[in-house]
1. Residues being modelled with pLDDT of 60 or more, crowded, with 16+ Cβ neighbours inside 10 Å and farther than 20 Å from PRO7 by Cβ: count how many of those fall in the stretch 139-165.
2. Among the candidates GLY168, GLY136, which residue alone is modelled with pLDDT of 70 or more and either part of a loop (DSSP other than H, G, I, E, B) or touching a Cys at 6+ places or on another chain (Cβ under 6 Å) (or both)?
3. Could you grab me the full set of residues in the stretch 54-108 that are under 19 Å from PHE26 (Cβ atoms), modelled with pLDDT under 90, not polar (S, T, N, Q) and not in a strand (DSSP E or B)?
4. Mind listing whichever residues of the stretch 115-148 are at positive phi and more than 13 Å from the chain's Cα centre (by Cα)?
5. Which pairs have Cβ atoms under 8 Å, sit 6 or more apart or on different chains, and link a residue in the stretch 73-86 that is more than 10 Å from ARG56 (Cα to Cα) to one that is surrounded by fewer than 10 Cβ atoms within 10 Å (Cβ to Cβ) and of a type in the set (S, T, N, Q)?
6. Is it the case that some residue within the stretch 27-48 is assigned to a strand (DSSP E or B), surrounded by 12 or more Cβ atoms within 10 Å (Cβ to Cβ) and in contact (Cβ under 8 Å) with a residue 12 or more places away in the chain?
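The values are calculated or read from the model by the stated rules, or taken from the named source; none is laboratory data. These numbers were taken from a predicted model, which means no experiment stands behind them. So basically every Cβ, Gly included, is an ideal-geometry build from the backbone, and we count neighbours across all protein chains shown.
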Amino acid sequence: MLTGCDPSPEEMSRKQFGPPTEVAAFKSVSECVAADDYTQAQCEDAQRTAANDDNRTAPRFADKDMCEAQFGNGSCQPRNDGGQSFFAPLLTGFLIGQIANGGGYRYGGLYRDRRDDRYYTGSGAWLYNGGYGGRGYRYQVGSQAINAPVTTSRIQTRSSVVSRGGFGGRSSSRGGWGG
């Protein structure tokens, strides 16, 4: 009965990451090139940037079970950054988003949540309205998730994930998107 009073996921995303902006999401360079909106070089650069930034921007979890509960069995691996050990999901795609005010493109990694089969950025912003504009790879995401850099340094613990309702839940923004 109370769920009807909760804000929709789109409303929560707008509140946390700002007004929506259009992005393109791909699983591979070949899928990106086939979309016919980006050059081979842009697609390769986007994938390379996402892979290079992955250790810095991937969601971090204190233990493997908690990470796999969200991203699926076998989809989380141990990592270390600056002496800090954690588990992070595997990179499952990349996005290309246009920076506001004609600032070029921003690239970043994507992580697929097994619970709702949605793509999330490292900052926890999720892509919604799949197929936006009649194209299957077009989505919307909060503009702050594209326009501002993010470095994910906070390791999610059971209590922090439960208190927010999961990764990308009702937590405050960590500053947007890296790329």
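1. 5
2. It is GLY136.
3. ILE99, GLY104
4. Within the stretch 115-148, ASN129, GLY131, GLY133, GLY134 qualify.
5. If the second residue must be surrounded by fewer than 10 Cβ atoms within 10 Å (Cβ to Cβ) and of a type in the set (S, T, N, Q), the pairs left are PHE86/ASN80.
6. no
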